Amino acid sequence: MKPKVLVVEDEPLLLMMAAALVEDAGFEAIQASDADEAIRLLETIPDIRILFTDIDMPGSMDGLKLAAAVRNRWPPIEIIVVSGMTRPPASSLPDRGVFFAKPIDAQAVTRTLVAMAG
């Protein structure tokens, strides 16, 4: 069974591209368009291994708040945070969180996904 990656991105085209990158790397991509939907999916789908989230999103939480919530409630989940607007200070990323600037380097992200899945 392929490891599950929750991909969270509010722009539909970027969500499709990120999901395709995850699937091309050999993972199952589960898609959410905001943090609230992501939390609902995490609560209902077992075995999500990695969160791949954009920072800048509408709704109750941005990607950094979502990453912090996931680290708190689901500590084993690995976290990748991406943004084309914001470069967060390392201190704002959760433990073991990895940041990539957009446009993302697909090979580097693939290597990170594979390493995180162990």
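Which pairs have Cβ atoms under 6 Å, sit 6 or more apart or on different chains, and link a residue in segment 81-93 that is among the β-branched types (V, I, T) to one that is outside any loop (DSSP other than H, G, I, E, B) and surrounded by 15 or more Cβ atoms within 10 Å (Cβ to Cβ)?
What qualifies is V81/T53; V81/G63; V81/A67; V81/F99; V82/D54; V82/F100.
Every residue in segment 78-112 that is surrounded by fewer than 14 Cβ atoms within 10 Å (Cβ to Cβ), at pLDDT below 95 and among the polar types (S, T, N, Q), please.
S91
Cβ-Cβ below 9 Å, separation at least six or inter-chain, first residue in segment 67-80 and free of Cβ contacts under 8 Å to residues at least 24 places away in the same chain, second surrounded by fewer than 20 Cβ atoms within 10 Å (Cβ to Cβ) and acidic (D, E): which pairs?
P75/D95
Filter segment 96-112 for residues that are among the hydrophobic types (A, V, I, L, M, F, W, C), in a helix (DSSP H, G or I) and without any contact (Cβ under 8 Å) to a residue 40 or more places away in the chain and give the result.
Selection gives A108 alone.
The values are calculated or read from the model by the stated rules, or taken from the named source; none is laboratory data. None of these values were measured; they are calculated from a predicted model. No Cβ is skipped: glycine too gets one built from the backbone with ideal geometry, and neighbour counts run over all protein chains shown.
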